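To start, the structure under review is shown below, and the notes come after it.
Only the coordinates and a few stated rules stand behind these numbers; no lab work does. These numbers come from a predicted model, not from an experiment. So basically every Cβ, Gly included, is an ideal-geometry build from the backbone, and we count neighbours across all protein chains shown.
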Amino acid sequence: MTDSHPASKAGDRKPSGAKIPATVITGFLGAGKTTLIRNILENADGRRIALIINEFGDLGVDGDVLKGCGAEACREDDIIELTNGCICCTVADDFIPTMTRLLEREGRPDHIVIETSGLALPQPLIAAFNWPDIRTQVTVDGVITVVDSAAVAAGRFADDHDRVDAARAEDDNLDHESPIEELFEDQLTAADLIVLNKTDLLDAAGLETVRREVAARTTRKPRMIEAANGAVPASVLLGLGVGTEDDIANRKSHHEMEHAAGEAHDHDEFSSFVVELGPIADPTGFVAKLKEVVAAHDVLRLKGFADVPGKPMRLLIQAVGTRIDPYFDRAWAAGEARRTRLVVIGLDHLDEAAVRTAIVAAAA
C-alpha cells in the first residue's frame, strides 16, 4: 500500500455528546470490501466498532465471514445485516430504523462501519445521515470506494470512448452507459478515498492504466491509495473527518441526474438467487467447473459456503467473473448445519434455471 493518513489513536475517544463517526465502504461486486473491513477489525487499536452490512440477495455471506473473524473490536451483536434488498432503495424502511436502534443502545460504539452491497448507490445512504434524528448523533467520517484493480486492468470498465462517442453521434439510442458502468462511476463519485485493491495482481504499467481509468471516471479527484488483499491500516481508513453528508449535493449520481430528467430508477438490471447443494466431495473439481458455469452464463458474482466431507472447516467460495478464490475460513460451529449454499448475481437476462442446472451438475 502507498500513501498514508493521520488518524486518531485509541485514546483519542470521542468526548461525551460528540457525534459518532461512520465510515461508508462501497465498491463493485468482489472488489474486496469484506476483506478490507476484516483488516479494520483486526487492527482497530482499541475502538469498539459496529458494522452494518447490506447484502444483495437472501444469503448473508459477508456478515457470516466477519462474524467468524474473532476480532475483539466487533462483537457478534455489533454486526447487523440487511439482506432484503439494495440499501439505496430501503433507506427509510431498513437503514434509518437500524441506525435508530443502534444509537439507543447503552453501550454505543466508538465508530460505525457500513458496507454497502456491490449494487448499491452510495448517495442515498449518505443523504440519510441528514435525517434530523441521525444528524445530531452521527457524522459520515468518510466514504471509501474499493476498486478491483485487476478487473479494471482487464477492461471490465475500460471503454473505447472515441468509438462510443462516434456511435452515439449516429444513434440516439446510445445515450446511456451500461448499468454496471454507471454504478462504478457513482461509487467513485461518492468517494473521499479510493482504495485500488488487488494491486499485487498487476505490474507497474497495469497499475498506471488503472489509475488513469479510475481518475477519468469522476470529475471529483479523491485521493487514491494502493492495496493488496485489502491490507490497509485502520489508521488510514478511520478518522478522515470529512463530514460527507454536508457535501452530498456535489456528488450527484446517474440515478439523481436521471430523476432530474424524469426517468425512474429500479434494480431490474440485476437479479440474484441462492443455490443449495449437498456435500462437495471434490472441491478442486467443483471450483474448476464453476469457472466454466460463470463464463458460459455471464455470472457477475458468485459467493457462498461449501460442505466438504472429512473437513472440519467450511469452504468459502468467492468468485468475481471467472476468478474464483476458495479457502477454508473457519470451523463449523457446534450444532451448525453443514450445508452448501451459493448466491449467484447477474444481470436481469441471467437464465436462472440454466445456471441452477449447471451448478448442480458441477457438484455431481
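Observations, loosely collected:
- Between Ala353 and Ala288, the simple spin-label model (points 7 angstrom out along Cα→Cβ) gives 3.1 nm.
- Cα-Cα over 32 Å, subset of Lys33/Lys221; Lys198/Lys221; Lys33/Lys311; Lys221/Lys289; Lys252/Lys289; Lys19/Lys198: Lys221/Lys289; Lys252/Lys289; Lys19/Lys198
- Distance (nanometres) between label positions extended 7 Å along Cα→Cβ at Lys311 and Asp325: 1.6 nm
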